[in-house]
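Participant: Structure incoming, see below.
The values are calculated or read from the model by the stated rules, or taken from the named source; none is laboratory data. Here the structure is a predicted model, which is why all the values come from computation and not from measurement. Neighbour counts run over all protein chains shown; Cβ positions are idealised from the backbone, glycine included.
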Amino acid sequence: MGNRGILHDAERRVTKPWAHNHWVACVLSFQGRRQTLFAPGRYSQLFFLDEATSLAAGHRPCAHCQRDRHVAFRTAWQRANADRYTVRTIDDLDRALHAERAVRGGGKRTFEVRREELPDGAMFEQSGSAYLAWRGASLAWSFEGYSRTGSDATPRSVVTVLTPPSIVRVLREGFVPDVHRTAGR
C-alpha cells in the first residue's frame, strides 16, 4: 500500500497526484490496525501489486511498518547513488526521488535504456504495456499479476524505463524487491 498524502476530497474523489514528496510503501497488515479507505482528513491509500510495482512508481519502503526493508533500501540507495546525491536525511532522499519520478502537474518521468541493462525488479514500458525484468525474462504486468507472455524486446532493444534511475541503481546494488507470486520465485 502506498501513501502520497491526502489526495481526495470529502466525496472521496482523487483531486491531485500527490500532496508531499514522501512517497512510502507500507505493508497491508501492521499491528492489527484497521483503517477506513479514503477517510476524511486521512491519507489516501494507494494499492500496488507488489514491491517492484511500488518502486517503479517511485515509492520507498516505510520506515515505520517496514523498518528492516527501509534500512536495507536506504543503505543500498546511498551506496548506489553516492556519486550523484548528498543524502544526510530521509528528506534528502525523498527530494532526490521526487525529482526523478514526477513531472509538475502529475506526469511521470521516464528514461530509455537497452533492455539488457535493466536489473531484476526494474519495470519498463513497451507498446503501451508494462513489464517486469525478472530472472532473464520480461514478464507482462497486470492487476492480477505477471504473465510469461513477455515483451518482444530483444536484449538490445531500447525500452522506456518506469522505475526511477536511482532505484534502478539500487536494484543493481543488490536490493531485491518482493514480487507477486505469479512472477515465479
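Participant: For segment 158-185, give me the residue count where each residue is assigned to a loop (DSSP other than H, G, I, E, B) and either among the acidic types (Asp, Glu) or touching a strand residue (DSSP E or B) at 6+ places or on another chain (Cβ under 7 Å) (or both).
Facilitator: So the first thing to find is which residues in segment 158-185 are assigned to a loop (DSSP other than H, G, I, E, B), and the list is 162-164, 173-180, 184-185.
Add one more test, that the residue is either among the acidic types (Asp, Glu) or touching a strand residue (DSSP E or B) at 6+ places or on another chain (Cβ under 7 Å) (or both), and what stays is 162-163, 173, 178-180.
The number of residues fulfilling the criteria is 6.
Participant: Within segment 72-80, is even one residue touching an Asp or Glu at 6+ places or on another chain (Cβ under 7 Å), in a helix (DSSP H, G or I) and of a type in the set (A, V, I, L, M)? It would help to see each step written out before you state the result.
Facilitator: First, pick out the residues of segment 72-80 that are touching an Asp or Glu at 6+ places or on another chain (Cβ under 7 Å): 76, 79-80.
Narrowing the set further to residues that are in a helix (DSSP H, G or I) leaves 76, 79-80.
Right, trim to of a type in the set (A, V, I, L, M) and you get 76, 80.
Within segment 72-80, one or more residues are touching an Asp or Glu at 6+ places or on another chain (Cβ under 7 Å), in a helix (DSSP H, G or I) and of a type in the set (A, V, I, L, M).
Participant: Taking segment 49-106 as the region of interest, how many residues are small (Gly, Ala, Ser), over 30 Å from Gly184 (Cβ atoms) and out of contact with any helix residue (DSSP H, G or I) (no Cβ under 7 Å at 6 or more places or on another chain)?
Facilitator: Here the count works out to 5.
Participant: Separate question: Does segment 81-92 include one or more residues that are touching a strand residue (DSSP E or B) at 6+ places or on another chain (Cβ under 9 Å), of a type in the set (Gly, Ala, Ser) and either more than 17 Å from Ala57 (Cβ to Cβ) or surrounded by 14 or more Cβ atoms within 10 Å (Cβ to Cβ) (or both)? I'd like the intermediate steps shown before the answer.
Facilitator: If we filter segment 81-92 for residues that are touching a strand residue (DSSP E or B) at 6+ places or on another chain (Cβ under 9 Å), which is where we start, we get 90.
Restricting the remaining residues to those that are of a type in the set (Gly, Ala, Ser) gives none.
Among the residues of segment 81-92, not one is touching a strand residue (DSSP E or B) at 6+ places or on another chain (Cβ under 9 Å), of a type in the set (Gly, Ala, Ser) and either more than 17 Å from Ala57 (Cβ to Cβ) or surrounded by 14 or more Cβ atoms within 10 Å (Cβ to Cβ) (or both), which makes the answer no.
Yes/no matrix, rows are residues, columns are (1) in contact (Cβ under 8 Å) with a residue 12 or more places away in the chain; (2) in a helix (DSSP H, G or I):
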{"site": "Arg12", "(1), (2)": "yes, no"}
{"site": "Ala39", "(1), (2)": "no, no"}
{"site": "Phe48", "(1), (2)": "yes, no"}
{"site": "Asp83", "(1), (2)": "no, no"}
{"site": "Glu100", "(1), (2)": "yes, yes"}
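Participant: While we're here: Can you work out which of the residues in segment 131-171 that are charged (D, E, K, R) and touching a helix residue (DSSP H, G or I) at 6+ places or on another chain (Cβ under 7 Å) is farthest from Arg95 (Cα to Cα)?
Facilitator: Just the residues of segment 131-171 that are charged (D, E, K, R), to begin with: 135, 144, 148, 152, 156, 169.
Filter again for touching a helix residue (DSSP H, G or I) at 6+ places or on another chain (Cβ under 7 Å), leaving 156, 169.
Details: Arg156: 32, Arg169: 17 Å.
Checked segment 131-171; the qualifying residue farthest from Arg95 (Cα to Cα) is Arg156.
Participant: Something else now. Would you pick out the residues in segment 6-49 that are of a type in the set (Gly, Ala, Ser), modelled with pLDDT of 80 or more and under 15 Å from Cys65 (Cβ atoms)?
Facilitator: Ala25, the sole residue that qualifies.
Participant: Considering only segment 85-96, state which residues are assigned to a helix (DSSP H, G or I) and of a type outside the set (Gly, Ala, Ser). Quick ask: steps written out before the conclusion?
Facilitator: At the first step, the residues of segment 85-96 found to be assigned to a helix (DSSP H, G or I) are 90-96.
Those that are assigned to a helix (DSSP H, G or I) and of a type outside the set (Gly, Ala, Ser): Ile90, Asp91, Asp92, Leu93, Asp94, Arg95.
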